[in-house]
Amino acid sequence: MLRPENILVVFFGMIATGKSYLASAWANHYGLPYFNSDRVRKELAGFTPQTGQQEGVGQGIYTEDFNRRTYDALIAHADQYFSEDKKACVVLDGSYQSIVERDLLRSHFLNRVRLVFIHCFCTEEVVRERLNLRASDPEAVSDGNWNLYLNQKQRFNPTRDFERAIELDTDAPVSELVKKVTIMIENQVTFSSPLKRM
């Protein structure tokens, strides 16, 4: 596969906004390394991805310290690929709900990697539907629920103009969204070679 010069694509947004489903689908479509915060968090804790951890906000594996470990590990995973492959494209998937967390990515990869942020969102009605479906899915990795969504909604920092984040409503078939993401990224980034269509 032909790859662009170092680029880090970050799918972010609130619980059940479709970011993980889309990020995984887009990464798989192009055969790119993909790292999800929920999976990394549970790996650090010694759990399987499907192990449920329905704890309160800021408890268990969702404390500030564990959040820090999780997001530092995401950076480390991306770093590994960029150090091994000078033409790497890596996909990260997490809430990145604070400006501070997004700025940490920018400062860490400054002058080394082109960053593209994709802010995923949808209506609350769609969020409810997705959370209800997730609650009955034994393979679900995320522990998100409606109460966590409401809490996150209060704390989520909107994107700023200079971030140039791609804003994407995810209430559409994933095949359409995958194509739309590629077009939006190509409008932001000059590739040394185009992403291979599959």
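The values are calculated or read from the model by the stated rules, or taken from the named source; none is laboratory data. Bear in mind the structure is a predicted one, so any value in this text is a computation, not a measurement. Ideal geometry is used to build each Cβ from the backbone, glycine not excepted, and the neighbour counts take in all protein chains shown.
Please specify each residue of segment 103-118 satisfying the condition of being touching a residue at least 60 places away in the same chain (Cβ under 8 Å) and either of a type in the set (A, V, I, L, M) or crowded, with 20+ Cβ neighbours inside 10 Å (or both). The answer is Leu105, Val113, Leu115, Val116, Phe117, Ile118. Residues in segment 1-35 that are of a type in the set (S, T, N, Q) and surrounded by fewer than 23 Cβ atoms within 10 Å (Cβ to Cβ) were compared, and the one that is modelled with the lowest pLDDT is Asn6. No other residue among Arg114, Arg106, Arg164, Arg155 is more than 30 Å from Tyr81 (Cα to Cα) and of a type in the set (D, E, K, R) apart from Arg155.
Residues being in contact with a strand residue (DSSP E or B) (Cβ under 7 Å, 6 or more places away or on another chain) and either farther than 13 Å from Ala16 by Cβ or part of a helix (DSSP H, G or I) (or both) are represented in segment 118-141 by at least one member. Residue pairs whose Cβ atoms lie under 7 Å apart, separated by 6 or more positions or on different chains, with the first residue in segment 88-102 and closer than 19 Å to Arg112 by Cβ and the second of a type outside the set (D, E, K, R) and part of a loop (DSSP other than H, G, I, E, B), are Ala88/Asn6; Cys89/Pro4; Cys89/Leu32; Val90/Leu32; Val90/Pro33; Val91/Leu32; Val91/Pro33; Arg102/Tyr96. Of the residues making up segment 95-117, those that are at negative phi and part of a loop (DSSP other than H, G, I, E, B) are Ser95, Gln97, Ser98, Phe109, Leu110, Arg112, Val113.
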